[in-house]
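Novice: Below is one structure. I have some questions about it.
Since every read-out is calculated from the coordinates, none of them should be taken as a lab result. What you are looking at is a predicted structure, and each value in this text was computed from that prediction instead of being measured. Cβ coordinates were reconstructed from backbone atoms using ideal geometry, including for glycine residues, and neighbour counts include every protein chain displayed.
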Amino acid sequence: MKQRKPMPKIATTTEENISGLGQRQTRQRDAILQVLHSANGPLPVPEIHARALELRDKLGIATVYRTLKLLQENGTIQAVTLPSGETCYQGEPHAHHDHFQCRKCNQVFDLDVCPLRLKSGTELPGGFVVQDHQMLLYGLCPACV
Ligand SMILES: [Zn+2]
Ligand SMILES: [Zn+2]
């Protein structure tokens, strides 16, 4: 697995702290959340950055990385790591769902159906007890078929 991009280091300001966000950060966070909630699947960071810039100018990529990490840590959003090593983010973690990546346009979509009927608590050979799963299927999205 490829290594994740290191978090860009940014200058620390007085309004920055781990537990809370300043006013400016709150607006930036809201723009990022709006982007994630209007997406139809997990988005890679550069895409989140580009879309958030349309809502709010002067939003640095470092801020996007930092905000996403913060939101992930407090459980507001979910990270999905693709086999390519790229980390995508999605809005509020809702009920179980799997993902589909288009091999042509590379977009990742949320699937409404779960292709794997495997109940939580199922015991697999070897004594592994399943709690949940997350699948990434590949193929062509409706726009690329
Ligand atoms: Zn596609
Ligand atoms: Zn599933």
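Novice: If you rank H99, H133 by fewest surrounding Cβ atoms within 10 Å, what's the result? The partial results should precede the final answer.
Specialist: On the way: H99 19, H133 12.
Final ranking by Cβ density, sparse to dense: H133, H99.
Novice: Please report the net charge: other residues with Cβ closer than 12 Å to the Cβ of D30, K and R +1, D and E -1.
Specialist: Details: positive: R24, R27, R29, R56; negative: none.
Taking every Cβ under 12 Å from that of D30, the sum is +4.
Novice: I want the local charge near Q101. Using Cβ-Cβ distances under 15 Å, sum +1 for each Lys or Arg and -1 for each Asp or Glu among the other residues.
Specialist: Numbers: positive: R103, K104; negative: E47, E86, D98, D110.
Once positives and negatives cancel, what remains is -2.
Novice: If you take every DSSP beta bridge fully contained in the stretch 38-145, what fraction is antiparallel? Give it as a percent rounded to 5. Write down the numbers at each step before the final one.
Specialist: Working: 11 of 15 bridges.
Of all bridge pairs located within the stretch 38-145, approximately 75 percent are antiparallel.
Novice: What residues qualify as long-range amide H neighbours of I77, i.e. H under 5 Å apart, gap of 5 or more or another chain, H built at 1.01 Å from N?
Specialist: Here the answer is Q72, since their amide H atoms fall under 5 Å of that of I77.
Novice: Looking at the stretch 99-139, send over the antiparallel percent of its DSSP beta bridges, to the nearest 5. Each step should come with its number before you reach the end.
Specialist: Numbers: 5 of 9 bridges.
Percentage antiparallel, nearest 5: 55.
Novice: Could you list which residues have their amide H under 5 Å from that of Q107, counting only those 5 or more apart in sequence or on another chain, with H placed in the peptide plane?
Specialist: C102
Novice: In a shell of Cβ-Cβ distance under 13 Å around D57, excluding D57 itself, what net charge do Lys and Arg (+1) and Asp and Glu (-1) give?
Specialist: Values: positive: R24, R27, R51, R56, K58; negative: E54.
Computed value for this residue: +4.
Novice: Where does each of L116, L53 land when they are ranked from fewest to most other beta-carbon atoms within 10 angstrom? If you can, show how the numbers build up before the last one.
Specialist: On the way: L116 10, L53 16.
Least crowded to most crowded, the residues run L116, L53.
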